[in-house]
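Chemist: Sharing a structure with you now.
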Amino acid sequence: MERTDELIRKKLRENFFATLFMTGSSMIANIIDRMMVGNLLGSREMAAISLTSPVIFVINVVYGFYIYGGSTLAATYKGRRDQEKADECFTISILGGIALCMVFTVIELICFVPLVNALSAGNPELSGPVGAYLLPLLFFGPLVILTNGTTIFIRNDSLKLLSVAMPIICNVVNLLMDYVFMGILGFGVRSAGWATNIGYLAAGLLVLVYLKSDKRTLFFRPGSILNFKLTAEIFHTGLASAVLNACLILKNYLLNTVIVTVFGSLGAVVMTLCLNGGYLANVFYMGSSQTMMPIGGALYGEKDYKGIRYLFRSSVSMMLGICCVISVLLMLIPNQFAMLFGVNAADTGGLYVTAFRLFCISIPVGMLQMILRSHLQSCGYRNEATVFMVLDGTVCFIPFLYLFQYTEPELIWLCFTIAPVLSMAFIYFYMRLRLKKQGINDPLLLPADPENASVMEVTIHDRMEDVETVSGSVLAFCRQNGIPDTVGNKLWLAIQELCSNIVQYAYKGSHGAADVFLKITDREIILRIRDNGIIFNPTEFTDDGGRVISGLQLLNAMKISPEYNRVLGFNNTIVTILRDS
């Protein structure tokens, strides 16, 4: 018998499509939103929306610290079987994120006029629509934390339908309000901002459904909001995501300024079209990235390095093909793409087509960058992931931005490809050299099991014959590693009873699988069983007839107490036995 990674493959697909709905609905709604603004109000108003992106990235900084950091850390603590810490991460992430966004709202209202002038680069044609759209946007932050932030935790709690419904409702209501405000009532670009807020407010009502669900495994612990040590740990975990968006604030502000200075308002329109092409790819590689982090964090917490390798390979192979297809397709239809936004490419004098095709080269590169960043974050390389984001967002981008501005302005769009390539090359080879000194020579920078550890990993299905086979294999594996039969028999009994309960009760007629891990060290033997069945604690379960399934009396009599936790929709049961017990 051998391990097949079937459970991780199913979880990756399950969470990817749930995340795809969340990120995809948001990205597609943003694209359609700009299409409606471009066709109903004009290209200048459409460009004004893109010029406000630095404000969005301020919100995303908070989101990165609290939501990406908190959700990844919560999954890691669940992998370590620390439910209380996972609850505290959830509490701090949502309540702390909302509070900080409200502080930013007050600051931005006080600095509203200079903020508008800075975003529009002093261009009088753009300052009016920029200010009109920006005002409702200032109230956007707390709603994003409440809806999208809670959705991340809901998705990680395996409540798939609810995690899919929230972004869909949010964006359907947003687009409906866009049409009503701009198409029917004839309101200006400011109404597009208010429509967005209404959409998020509508989706936020579904948070109440989650809070009342008896299937949730995360709960608010109000007192933990003052746990500053854990808050610092959450910030450290989400630092790379937050720094990415902090760099994007500076990068987009400088990019907007250079584009408007060199090409005027026409350049802002071209940039908006390029970024909307990028949003199509973002639907996929942001979905893959946000799927990887919590799963990778949970696997890293369990020290399941083989699972992490499978997760990385699957994500890259799946996303590379998709992003290459998107890149080539967009290069072939730049004129048709511009028409969707009410822009005639011929009116740009060839600037748009050249810029758009150069920008599309960056799409597959951006995917690799996002997956590498997610891998670093979930595997504990938080500082390195942060440096990676700084390199890409500023150090490797800004010099080329100004170099092309004063030499070949038409090549500015290549910065989106050059910067991530240089930053990925630097951080990867730096880490390989550094870790090699520590005896780690793994291509994915993962630590190896101790040399004195023996590991057995197999996958079984919901069949009693599989239970018999794996329990016999474990007993033979123990004998091969010099474990006395008195100890091996305890493990044999543990697998027999735990896996039998899983096969009989965890799937309720559906087909499922379970991973069995056995690690033998100098001091102890660790047995871990992971299954993807219903919420099911095989150490203590009551069936539909009220009968207690208590097949563990012998284990309890031998003072072996299995531990149980549930993380990312997996049931995890762990038995630890001393070698000399």
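Chemist: What's the extension gain from LYS229 to MET102 if we count 0.36 nm per residue and subtract their Cα-Cα distance?
Modeler: Extending this stretch completely gives an extra 43.5 nm.
Chemist: Hey, what angle do you get for helix 362-378 against the long axis of the chain, alpha-carbon based, 0 to 90 degrees rounded to 10?
Modeler: Compared with the principal axis, the helix lies near 40 degrees.
Chemist: Candidates (i) 26.1, 84; (ii) 25.2, 77; (iii) 28.1, 93; which is the computed Rg and Dmax of the Cα atoms in Å?
Modeler: Correct label is (i).
Chemist: Also, I was wondering about something else. Using 0.36 nm times the number of residues separating ASP82 and LEU332, minus their current alpha carbon distance, what extension gain do you get?
Modeler: Separation in residues times 0.36 nm, less the Cα-Cα distance, equals 84.9 nm.
Chemist: Okay, moving on. Whole-Hz Karplus ³J(HN,Hα) for the stretch 99-105, in order, using 6.51 cos²θ - 1.76 cosθ + 1.60 and θ = phi - 60°, x for Gly and Pro?
Modeler: So the Karplus estimates, Gly and Pro as x, are 4, 5, 5, 5, 5, 5, 4 Hz.
Chemist: Here is a follow-up. For ASP442 and ARG479, what is the calculated FRET efficiency with R₀ set at 45 Å and r taken between the beta-carbons, to the nearest 0.05?
Modeler: Taking R0 as 45 Å, the efficiency between ASP442 and ARG479 is 0.90.
Chemist: Given the Cα-Cα distance of LEU161 and GLU125 and 0.36 nm per residue of separation, how much length would full extension add, in nm?
Modeler: Net length gain for the segment: 8.5 nm.
Chemist: What FRET efficiency would be calculated for the residue pair LEU135, ARG579, taking the C-beta separation as r and a Förster radius of 60 Å, to the nearest 0.05?
Modeler: The calculated FRET efficiency here is 0.35.
Chemist: Using every Cα-Cα pair within the stretch 353-405, state what percent have a distance larger than 16 Å.
Modeler: Tail of P(r) above 16 Å: 55 percent of Cα pairs.
Chemist: Now, a different point. Step through the residues of the stretch 458-470 one at a time and calculate ³J(HN,Hα) from phi using the Karplus curve (6.51 cos²θ - 1.76 cosθ + 1.60, θ = phi - 60°), rounding each to whole Hz and writing x for Gly and Pro.
Modeler: 9, 10, 10, 10, 7, 9, 5, 5, 5, 5, 4, 5, 5
Chemist: Just to confirm the filter: which trypsin sites (Lys or Arg not before Pro) across the stretch 202-278 are DSSP coil and have at most 15 other Cβ within 10 angstrom of their Cβ?
Modeler: LYS212, LYS215
Chemist: Something else about it: Report the calculated FRET efficiency for ARG432 and VAL390 (r = Cβ-Cβ distance, R0 = 22 Å), to the nearest 0.05.
Modeler: Between ARG432 and VAL390 the formula returns 0.70.
Chemist: Using modelled backbone amide H atoms (1.01 Å from N, in-plane), which distant-in-sequence or interchain residues come within less than 5 Å of ARG221's amide H?
Modeler: Residues meeting the amide H criterion: THR91.
Chemist: Right, another one. Run the numbers on the stretch 111-196 and let me know its relative contact order in percent, using alpha-carbon pairs under 8 Å that are six or more apart.
Modeler: That works out to 31 percent.
Chemist: Quick check: from the Cα gyration tensor, does the stretch 1-117 come out rounded (a/c under 1.5), prolate or oblate?
Modeler: Note, shape of the stretch 1-117 comes out oblate.
Chemist: Now a separate question. Using a basic spin-label model with each label point 7 Å from the Cα along Cα→Cβ, how many nm lie between VAL180 and MET1?
Modeler: Result for the modelled spin labels: 5.8 nm.
Chemist: Quick one: if you stick a label point 7 Å off each Cα along the C-beta vector at ILE534 and LEU211, how many nm between them?
Modeler: Computed distance between label sites ILE534 and LEU211 equals 2.8 nm.
Chemist: Can you tell me the 0 to 90 degree angle between the C-alpha axis of helix 485-505 and the longest principal axis of the chain, rounded to 10?
Modeler: Long axis of 485-505 versus the principal axis of the chain: about 60 degrees.
Chemist: How far, in degrees from 0 to 90, does helix 228-237 lean away from the longest principal axis of the Cα atoms of the chain, to the nearest 10?
Modeler: Taking Cα atoms only, the helix is inclined about 70 degrees.
Chemist: Sort out for me the Cα centre separation of the stretch 395-434 from the stretch 340-394, rounded to whole Å.
Modeler: Cα centroid to Cα centroid, the span is 11 Å.
Chemist: Roughly how many whole Å is it from the C-alpha centroid of the stretch 67-123 to that of the stretch 175-247?
Modeler: 9 Å
Chemist: Starting at the first residue of the stretch 427-436, write each ³J(HN,Hα) from the Karplus equation 6.51 cos²θ - 1.76 cosθ + 1.60 with θ = phi - 60°, in whole Hz, x for Gly and Pro.
Modeler: Using θ = phi - 60°, the values come out as 5, 5, 6, 4, 5, 4, 5, 5, 6, 4 Hz.
Chemist: Let me have the 222 nm mean residue ellipticity of the chain computed from DSSP H runs of 4+ only, each contributing -39500 (n - 2.57), with the sum over all residues rounded to the nearest 500.
Modeler: Calculated at 222 nm, the ellipticity per residue is -21000 deg cm²/dmol.
Every read-out reported here was derived from the displayed coordinates using simple, explicitly stated rules and does not represent laboratory data. What you see is a predicted model; the values in this text were computed from it and never measured. Using ideal geometry, Cβ is built from the backbone for each residue, glycine included, and neighbour counts are taken over all protein chains shown.
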